[in-house]
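All remarks here apply to the structure that follows.
Values quoted throughout were computed directly from the atomic coordinates according to the rules given, and no laboratory measurement underlies them. It should be emphasised that the depicted structure is a prediction, and the values quoted were computed from it without experimental measurement. As a convention, Cβ positions derive from the backbone with ideal geometry for all residues, glycine included, and neighbour counts pool all protein chains shown.
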Amino acid sequence: MNLIIQAIHDIPAAQLQRLSDLTLSSSTEQIAAHAYRLVDAKPHDNIAEYCYEHRLDYGFVRPSQHLSDFGLVVMDMDSTLITIECIDEIADVYHLKPQVSTITEAAMRGEIDFAESLRRRVAMLEGLQEGALQQVYDERLQLGTGAEIMLSRLKELGIKTLLVSGGFVFFTERLKASLGLDFAHANTLEIINGKLTGKLLGDIMDAQGKADWLVRTRDELAMNGKQVIAIGDGANDLKMMSQASLSIAYHAKAVVRSQASYAFNFVGLDGLIPLLGA
């Protein structure tokens, strides 16, 4: 296996040497500004602790595996493709962010059923002017670090992109258009006379819904499971991630890190490129 080491800072030679010694690597190659490949590396029990302590992200990758082998990347939206939780920021306009954020965090840790948590949070928004959604999009929504670099590389390789979110269509459709994503699915807020009713329209996009859209899109594209990458951060992403052959826990909750193929605790979404190469 090759061991890919990444960081958001320069990696000292001493740290690379230590990792090389632990894994009995045959050589070390720099593959990006802050990324290295340790060739013929063998797993060692101390790698995870050492890397986390030094703010390094790592992954053991087969030399034969490349990003170009994949055909579809499926992403969560809130706190993954973008830096915010949209519903928390909408609630902030209504001066209810602490109450809503508490429920959001519990849901992302898997402590509360996602569908129930969403109904409870959306109910708190009853009466809010529709314009608050545009305000959040214009003033607060920012892409995750490295998102545009990653998406640009995926387009170069002809890899399709699917955004699936427990958030709202208002945001996913705008991101789909602005970023050139291929597919996007989310929840729809009920709005009457320019105000949120505190209800949702149609089926709730929960953990199973995300997994179902991954499978449906994969099948429509006539791909197999080995061609899919899934990226998420919360417990409601786990079913989706389990349907992919490779999953990335992105700045994620512990329950997600423990079940993902790889974890990006420090680097941005563009860490996918050094991890898998071309």
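Only Lys, Arg, Asp and Glu carry charge here, each on its Cβ (+1 for the first two, -1 for the last two); on that basis the chain has a dipole of about 380 debye about its Cα centre. Loop exposure criterion: GluC sites (Glu not before Pro), DSSP state outside H, G, I, E and B, at most 15 other Cβ atoms within 10 Å. Applied to the chain, the longest stretch between such sites is 131-278.
Listed by Cβ neighbour count within 10 Å, with the fewest neighbours leading, Y50, Y58 appear as Y50, Y58. Only one residue of F183, V164, Q259 has its Cα farthest out toward the positive end of the dipole of region 147-278, where Lys and Arg carry +1 and Asp and Glu -1 on Cβ, and that residue is Q259. Looking at region 101-167, the trypsin sites (Lys or Arg not before Pro) that sit in a DSSP loop and have at most 15 other Cβ atoms within 10 Å of their own Cβ are R109. Of all DSSP bridge pairs formed entirely within region 165-278, close to 35 percent run antiparallel.
DSSP assigns beta bridges within the chain; of those with both partners inside it, close to 50 percent run antiparallel. Which pairs in the list K97/K155; K210/K253; K195/K253 are over 29 Å apart, alpha-carbon to alpha-carbon? Check vs 29 Å cut-off fails for K97/K155; K195/K253. Taking other C-beta atoms within 10 Å as the exposure proxy, D270, D203 rank D203, D270 from fewest upward. Here the Debye sum runs over all C-alpha atoms of region 1-64 as equal scatterers in vacuum, and log10 of I(q)/I(0) at q = 0.16, 0.23, 0.30 Å⁻¹ comes out as -0.41, -0.91, -1.62.
Taking label positions 7 Å along the Cα-Cβ direction at both A13 and Q135, the computed distance is 5.6 nm, reported to one decimal. The dipole here belongs to region 1-64: it is taken about the Cα centre, uses +1 on the Cβ of Lys and Arg and -1 on the Cβ of Asp and Glu, and is about 160 debye. Counted over region 131-224, the DSSP beta bridges are approximately 50% antiparallel.
Amide H contacts of L200: E190, each under 5 Å away and 5 or more positions distant or on a separate chain (H built 1.01 Å from N in the peptide plane; Pro and chain starts excluded). Each residue of region 249-263 was assigned a 3J(HN,Hα) from its phi angle through the Karplus curve 6.51 cos²θ - 1.76 cosθ + 1.60 (θ = phi - 60°); the sequence is 8, 9, 6, 9, 5, 4, 4, 7, 4, 5, 10, 7, 5, 9, 10 Hz, with glycine and proline shown as x. Each label point was placed 7 Å from the Cα along the Cα-to-Cβ direction; for H44 and D69 their separation is 2.5 nm. Between the residues P12, A35, A48, the greatest Cα displacement towards the positive end of the dipole of region 1-64, with unit charges on the Cβ of Lys, Arg, Asp and Glu, is found for A35. Picking from I87, L196, L22, whose Cα lies most toward the positive end of the charge dipole for the chain (charges on Cβ: Lys, Arg +1; Asp, Glu -1)? Value: L22.
In terms of other Cβ atoms within 10 Å, Y36, Y250 run from fewest to most in the order Y36, Y250.
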